[in-house]
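Take a look at the structure set out below.
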Amino acid sequence: MINNKKEFTFTYGEKEVTLETGRLAKQADGAVLVTSGETQVLVTVVSAHEVKDGQDFFPLMVDYKEKFSAAGKFLGGFMKREGRPSNAEILLMRMTDRPLRPLFPSGYMAETIVMAQVLSFDGETDPEVLAGLGTASALAISDIPFAGPIGFCKVGKVDGKLVLNPSIEAWENSTIELVLAASKDAILMVEGEADEVSEEEMMEALMFGQKEIKQFCEVVDTMVAECGKEKREFISSDANATLTAKMQEYKDKARATLSFDNKQVRSKAISALTKEVAGDIKANPEAFGLTADDSAGKSAYQGVDDLLYTMMRKDILEDGKRIAGRALTEVREIETEVAVLKRPHGSSLFTRGETQVLATATLGGKEGEQMADSIHGVSFAKFYLHYTFAPYSVGEARGYRGVGRREVGHGNLAERAIKKMMPADFPYTIRLTCEVTESNGSSSMGSVCSGSMALMDAGVPLKKPVAGVAMGLIKEGDKFTILTDILGDEDHLGDMDFKVAGTTEGITAIQMDIKITGITEEIFTKAMAQAKEGRLHILGEMAKTISAPKPNYKNGVPSIKTVQIATDKIGALIGPGGKNIKALQEGFEVNIEIDEDGTVKVLGVDLEKLEECVSTIDMQINGPKIGTEYDATVVTIKEYGAFVDIAKGVSGLVHVSEMAKERVKDPNDYVSEGDTIKVKVLEIDRFGKVKLSAKAVEALVNKNPGAAKEEKKESKEDKK
């Protein structure tokens, strides 16, 4: 039978969702079409049946693509085919990937690809949640080894009430925005932002989401029972028992490596131990349970890593001792500076132990806004953060090849943390850059701290300073220990990377990744309480350098002046082909932005030219005011007077009768083209013609009195 379609329909939040399988992509290991409203997402999963030679990690890739055809739209620009994923798509790939990894069997190394495609979009139903549900169900019914079921959801808090998967419009009024992945019993992944909510409020939202996901997992169980495939067998790539036992002979040397506080020294010591073990394996592979065909280097790395993993975890759980003897709740030494760079509008340097982030803030106008084109439509961001993690920050001799998915994710987390404290209706566009110059533990939280300080250094009226801290977890059975401000090695050898950012008043951003099958409410509650203590300590250290925005902007920050014009005058300000606005921008060295409501923003560094440009715009559009005096430039001279410009594009006539107190026969005797004279507006007729007077301000003086006397003499002689 070609079509073996089966559907499973349930209510998720306030929407009905249908999971369909058996009709599309039947050659994939698992395929599910998820439908809610008129939004549909196809998710496929495929895993290789053989492991590549030398494979020493689990190559899982999640790919998510929003097809513009799903919304009946074309891509903007020259390229009309979907290409490189957008930042929003990359973020969803990461959020989907992270909770999946711990649920594959230990030692599973077969290349596995998850592909989610938005095929239909109604503008209301969130396709991201559907992609997560499709991934979870497709893996569950496939033959790929996977410890499901799990589920995904989003949690908001609208009008004080927790809401599952709010509509796209509802997010605007939500004080909490969480993406959550969980199993029936525990939470697997969290990412989100909030309006300075308390730890208790955040915990309530997490438990609400986990409870709703549990119901989805029951639907997946039904799918598996009716159409699930039998899971395939595989050969684990875990270290063999003989190798593990043999590594105990290197216990003392491994212990010595964990005593070093300096990351580079510790890394060199571990590398030296690994080389020693590799040499011993080559000399006698049978003693390690290996053959001559096995890779000595790979086996040595695996053996040393497992030994350090066991040793470090035992030290923490049984003795309460971390690497180099640091206390469980101790935050490493912090150093902070601001105004470290000469030219940028704002800058800061935040150092916590061996993690260091250099941040710069740039203020500008509308031309700096970040545009995003998606199936949701075109949007513009006035505040955005760019995070860069160059190889030199960890001492690697490797070229930088552009922004990776990890950088997009870390930058987004820092951006969300700070964004909540940005001032409302701030006239500037702000770009915040965070350059990781040294890394050993949570550079994203370092970026939150450094970025917050750079904004205050720039004079941005941040509501409150923001800081962040990364928490770790070591768990064996029911026994667990929470670590504050984890190192890179503690992240690598631990069970959790839990990042919490916020102010003294509450949480603004949160992210959690795990390497085990879930985090309980008890662990979460303790971790958040401990994270609050760490965050408050870091904020206190930051306050020693800067605790409030500087009162003035630095030199080079453009000032902004506004003027309001009627909407039907916008075209006049722009001029034919943009001629007038270009002339204003070039003449006064400013940038001019015009909003649809007629608000005109003028940005410039030279305040005098800025004021003059604003006055000129007001004059051009709203016209000169009767009785007002202006400095005017003589443009054209006629026998009946002189035409002058009182502003660019605004002209008037000074009649001969308004030039001097005496009778003026020839205006050329009183003015020349290019002269600057003072004039007063006498009248503006119904056609917009401006009548000006010089003598009402300062009468003009005859520049050629001798010619006038000679002419007068000749006139008398003519009469005789």
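The values are calculated or read from the model by the stated rules, or taken from the named source; none is laboratory data. Keep in mind that this is a model prediction, so the values were computed, not measured. Ideal geometry is used to build each Cβ from the backbone, glycine not excepted, and the neighbour counts take in all protein chains shown.
Side notes on the structure shown:
- Comparison of ALA424, ALA470 shows that the only residue that is crowded, with 24+ Cβ neighbours inside 10 Å, at negative phi and not assigned by TED's automatic domain parsing to the domain that holds LEU603 is ALA470.
- Condition broken by LYS419, with the remaining ones in (1) farther than 21 Å from LEU178 by Cα; (2) of a type outside the set (Gly, Ala, Ser); (3) at pLDDT 95 or above satisfied: (1)
- Looking across segment 663-673, the residues that are exposed (fewer than 15 other Cβ atoms within 10 Å of the Cβ) and in contact with a helix residue (DSSP H, G or I) (Cβ under 9 Å, 6 or more places away or on another chain) come down to ARG663, LYS665, ASP666.
- Given (1) touching a Pro at 6+ places or on another chain (Cβ under 9 Å); (2) in a loop (DSSP other than H, G, I, E, B), number of the condition LYS550 does not satisfy: (1)
- Boolean, LYS211 is without any contact (Cβ under 8 Å) to a residue 60 or more places away in the chain, of a type outside the set (A, V, I, L, M) and either part of a helix (DSSP H, G or I) or over 20 Å from ILE510 (Cβ atoms) (or both): yes
- Single residue of LEU258, LEU341, LEU290 found to be under 30 Å from ALA527 (Cα atoms) and either touching a residue at least 12 places away in the same chain (Cβ under 8 Å) or assigned by TED's automatic domain parsing to the domain that holds GLY364 (or both): LEU258
- Residues being within 30 Å of LYS73 (Cβ to Cβ) and either free of Cβ contacts under 8 Å to residues at least 40 places away in the same chain or among the charged types (D, E, K, R) (or both) - total across segment 99-119: 0
- Flag not set for ASP195, criterion: over 23 Å from the mean Cα position of the chain (by Cα) and among the charged types (D, E, K, R).
- Any hit, segment 3-20, residues being within 30 Å of SER295 (Cα to Cα), of a type in the set (Phe, Trp, Tyr) and not in a helix (DSSP H, G or I): no
- Qualifying residue in segment 85-95 (condition: within 28 Å of ILE213 (Cα to Cα), crowded, with 17+ Cβ neighbours inside 10 Å and among the charged types (D, E, K, R)): yes
- Checking LYS211 against (1) touching a Leu at 6+ places or on another chain (Cβ under 6 Å); (2) surrounded by fewer than 18 Cβ atoms within 10 Å (Cβ to Cβ); (3) more than 24 Å from MET312 (Cα to Cα), the condition it does not meet: (1)
- Test: residue in segment 96-104 that is under 22 Å from LEU180 (Cβ atoms), surrounded by fewer than 21 Cβ atoms within 10 Å (Cβ to Cβ) and among the basic types (Lys, Arg): yes
- Residues satisfying the stated conditions in segment 98-148, i.e. in contact with an Asp or Glu (Cβ under 6 Å, 6 or more places away or on another chain), modelled with pLDDT under 95 and not small (Gly, Ala, Ser): ARG98, ASP122
- Residue check for LYS554: touching a strand residue (DSSP E or B) at 6+ places or on another chain (Cβ under 8 Å) and not small (Gly, Ala, Ser): yes
- Criterion (within 25 Å of MET542 (Cα to Cα), of a type in the set (D, E, K, R) and within 38 Å of the chain's Cα centre (by Cα)) met by exactly one of ARG332, ARG313: ARG332
- The sole residue among MET61, MET109 that is within 22 Å of ALA140 (Cα to Cα), surrounded by fewer than 18 Cβ atoms within 10 Å (Cβ to Cβ) and either in the same structural domain as ASP294 (by TED's automatic domain parsing) or hydrophobic (A, V, I, L, M, F, W, C) (or both) is MET61.
- Restricting the search to strands (runs of 3 or more DSSP E) fully inside segment 356-450 and requiring at least 3 residues that are under 22 Å from THR545 (Cβ atoms) gives 429-438.
- Strands (runs of 3 or more DSSP E) lying entirely in segment 23-86 (those with 1 or more residues that are over 29 Å from the mean Cα position of the chain (by Cα) and more than 22 Å from PHE104 (Cβ to Cβ)): 30-36
- All positions within segment 40-73 that are among the hydroxyl-bearing types (Ser, Thr, Tyr) and at pLDDT below 95: SER69
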